[in-house]
Amino acid sequence: MAFDFSAGMLARARQRLSTPNASLAMMDVTRPWPIADQSVNLVAGNLILEHVTDLTAVFAQIARCLAPHGRFFLSELHPFKQYLGGRAKFTQANGQTEIPAYTHHTAEFWQAATQHGFRLIHFNEWWHPHDTQQPPRLISFLFEIDRDGR
């Protein structure tokens with residue numbers, strides 16, 4: 001199941017889907033999710049939390065939905081890129097639209113994760129191949145929910 005608050009982004013996702021097993025829904029990810037407790041093994045978020053003011057509501061929903069040892073992969077615009085004015089942009093036939101975004105420092109992702117019982121499995125920063133001397137473009141985390149204290 002995939003969520004987005006934008007009908008346009010969901011339409012683009014539908015065009016790119018290669019599996020009939022996926023479903024898409026328009027919703028606010030900071031509100032309760034229509035997914036049973038501890039029922040999924042993986043949640044992936046891509047360039048979504050930059051559009052959310054408070055990370056804790058989203059991390060709480062993810063923690064609730066993940067089965068024991070379930071994983072959460074997150075990829076976001078790197079805060080360093082945002083410090084320099086980088087923002088999400090959506091190109092349409094009538095031009096570019098800049099989407100409102102909030103800068104979350106790396107520590108905010110870490111704090112929201114640990115507050116909801118996650119431990120960090122992997123962390124990475126991603127550069128565009130032509131901009132390796134510039135700040136990283138993306139930041140990614142792989143978290144695992146720790147339900148049994150290990």
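Data for the structure
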{"read-out": "For the chain, built as a Gaussian network whose Cα springs stay under 10 Å, the top-fluctuating residue of ALA11, ALA101, ALA25", "value": "ALA11"}
{"read-out": "Option label - Cα Rg over 2.2 N^0.38 Å computed here, alternatives [x] 1.33; [y] 1.28; [z] 1.08", "value": "[z]"}
{"read-out": "Of the chymotrypsin sites (Phe, Trp or Tyr not before Pro) in the range 96-142, those whose Cβ has at most 13 other Cβ within 10 Å and which sit in DSSP loop", "value": "TYR102"}
{"read-out": "Estimated FRET transfer efficiency when R0 is 35 angstrom, pair ARG12-ILE121 (beta carbons, to 0.05)", "value": "0.75"}
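Each value in this text was obtained by applying a stated rule to the coordinates, not by laboratory testing. It should be emphasised that the depicted structure is a prediction, and the values quoted were computed from it without experimental measurement. Cβ: placed from backbone, ideal geometry, glycine included. Neighbour counts: every protein chain shown.
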